[in-house]
Amino acid sequence: MSNLKAQLGLPGRLDVARLREDFPILSQTVHGRPLVYLDNGASAQKPEAVIEAERRCYREYYANIHRGVHYLSQTSTTEYEAARGKVQRFLNAASDKEIVFTRGTTESINLVAHSYVRPRLRAGDEILVSAMEHHSNIVPWQLLCEETGAVLKVIPISEAGEIDLDAFAELLGERTRLLSVVHVSNALGTVNPVAEMIRQAHAKGIPVLLDGAQAVPHMPVDVQALGADFYAFSAHKLYGPTGVGVLYGKYDLLKAMRPYQGGGDMIKTVSFEKTIYADPPNRFEAGTPNIAGVIALGAAVDYLSEVGLEAIAAYEQELLDYATERLSAIPGLRIIGTAPNKAGVISFVMDGAHPHDIGTLLDEQGVAVRAGHHCAEPVMRRYAVPATARASFGLYNTREEVDVLVAAIEKVRELFGA
Ligand code: PLP
């Protein structure tokens, strides 16, 4: 069926009951209740294929990569580089040389900050971000601004949690050296109109970095169609391992960038007189990388491609609509982030109950949600809340789990007498 659907250009439907069997962790009970895992925005659970890929690497062919002539090293190198090709196809990058493996979104953004932006930044230059960024897309720029006298400019967001596009157009100025914006907000769920924003930025010659940490698990991403200059994401939110991530960069930009860190594997030749750096992507992968992790990321990408990102997106939209409808009907509950275009995140607050208490009480009923500022303190300040409780969905969540969440929230209301 999936072939026919693909030919017709329609997403196949997910067989979620079947897919759940791929995730061993999901079948457990927590505090005597079946686990309902709704903390996917923080990190997603891993399918057997990912766990097995890492295990196989260590059991069957592990050795250090790139420098070995022996069988194990060559096999590890082949698998590691194969993962690069998988990520290239996953993002529809023009070349696998545009895929740099990092420790995660945070490191990818810091890499762009240090290697691309820092050498081009002068006092009075501007970096433009939005008011809904994760701290990892705020603090690296503040550090650069402190060092150089550059200025961080912030695009305001509306009450619903959408970027103010008029303000954005005005903020794109003569001195803007980079637009760095989140593709999907982790705190609000908003899917930003990034293709249009990139178009406007490029019209003024401004390069664009997208923080795709919360986008890649939920929708197909085509970096060429978007026109992004840089795109960052983490494997662990994509059903892959922790400690691994990706920076996509257009090759010409990467080629013109200085290394981020110095060390082994990022050079062509080294002498005390002069060192010649390797070409991208190796130039940005100093030292021994997370070899098994990268290979397991490749397995995660294979898994998602097999399941189908279109089908995942369609399924999660239905689930989000259902959850939004049910949570909106709970008296005293307010959803923070009500943009029409959202991906699987519902942040909420409740009259009389602190988000941390909500999180703790839901946990007692087997429901895992996140409570806090979600590394997006400016978003909390924007909505004048100290924190929110956040349910974030993945491909394995079900309507029944949403019902359990709603029943658990009702219990919280009873306890707090709301
Ligand atoms: N950007 C967004 C939107 C995120 O949600 C996160 C993680 O929560 C990050 C960046 C940082 O990702 P990592 O901690 O994997 O580097």
Of Val69, Val221, Val194, the one that fluctuates the most in a GNM where the chain has Cα springs shorter than 10 Å: Val69
Of the DSSP H helices in the chain, those whose Cα atoms cover at least 20 Å axially and whose Kyte score averages 1.0 or more: 291-307
Accessible area per residue in Å² at 1.4 Å probe, computed on region 358-418: 39 Å²
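How high is the relative contact order of region 137-188? Use alpha-carbon pairs under 8 Å, at least six apart in sequence, and give a whole percent.
On the way: 22 pairs, mean separation 15.1, N = 52.
So the answer I get is 29 percent.
Over the chain, what is the percentage of antiparallel beta bridges among all DSSP beta bridges, to the nearest 5? If you can, show how the numbers build up before the last one.
Details: 28 of 46 bridges.
The antiparallel proportion sits near 60 percent.
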Net length gained if the chain between Asp351 and Asp279 were fully extended (0.36 nm per residue, minus Cα distance): 20.3 nm
Percent RCO, i.e. relative contact order, over region 51-306, from Cα pairs under 8 Å lying at least 6 residues apart: 25 percent
Max mean-square fluctuation residue, GNM over the chain, Cα-Cα springs under 10 Å, options Pro140, Pro193, Pro119: Pro119
Proximal charge balance of Tyr80 [Cβ under 15 Å; K/R count +1, D/E count -1]: -3
Contour minus Cα-Cα distance for Thr398 and Glu364 (0.36 nm per residue): 10.3 nm
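On the accessible surface of the chain, probed at 1.4 Å, how many percent belong to carbon and sulfur atoms? Let's see the in-between values first.
Numbers: 9100 of 17680 Å².
In the chain, the share of accessible area belonging to carbon and sulfur is 51 percent.
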Accessible surface, per residue, of region 51-306 when the full set of protein chains is kept, probe 1.4 Å, Å²: 40 Å²
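Find, among the GluC sites (Glu not before Pro) in region 64-137, those assigned to loop by DSSP (not H, G, I, E, B) with at most 12 other beta-carbon atoms within 10 angstrom. Walk me through the intermediate numbers first.
On the way: sites: Glu79, Glu81, Glu98, Glu107, Glu126, Glu133; in loops: Glu133.
Answer in residue order: no site qualifies.
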Label-to-label distance, nm, for residues given as Ala49 and Ala329 (7 Å Cα→Cβ offset): 3.6 nm
Extension gain from Glu306 to Asp321, taking 0.36 nm per residue of separation minus the Cα-Cα distance: 2.9 nm
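Do the sum for the chain: with -39,500 (n - 2.57) for every DSSP H run of n ≥ 4, divided by all residues, what is the mean residue ellipticity at 222 nm, to the nearest 500 deg cm²/dmol?
On the way: 15 runs with 156 residues, N = 418.
The helix contribution divided over the chain gives -11000 deg cm²/dmol.
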Computed over region 308-415: relative contact order in percent, which uses C-alpha pairs under 8 Å that are six or more apart: 30 percent
Over 26 Å (Cα to Cα) - which of Lys153/Lys204; Lys86/Lys237; Lys255/Lys342; Lys86/Lys255 fall in this group: Lys255/Lys342
Choice from Lys274, Lys97, Lys204 with maximal GNM fluctuation in the chain (Cα, 10 Å cutoff): Lys274
For region 312-373 versus region 179-252, the gap between their alpha-carbon centres in whole angstrom: 24 Å
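Please compute the net charge surrounding Leu172, taking Lys and Arg as +1 and Asp and Glu as -1 over other residues with Cβ under 15 Å from its Cβ. Each step should come with its number before you reach the end.
Details: positive: Lys153, Arg175, Arg177, Arg199, Lys204; negative: Asp125, Glu126, Asp164, Asp166, Glu170, Glu174, Glu196, Asp229.
The answer is -3.
The values are calculated or read from the model by the stated rules, or taken from the named source; none is laboratory data. It should be emphasised that the depicted structure is a prediction, and the values quoted were computed from it without experimental measurement. Don't worry about glycine lacking a Cβ; one is built from the backbone with ideal geometry, like all the others, and counts go over all protein chains shown. Quick note on the areas: whole protein, heavy atoms, side chains included, nothing else; ligands and nucleic acids left out. Shrake-Rupley method; radii C 1.70, N 1.55, O 1.52, S 1.80 Å.
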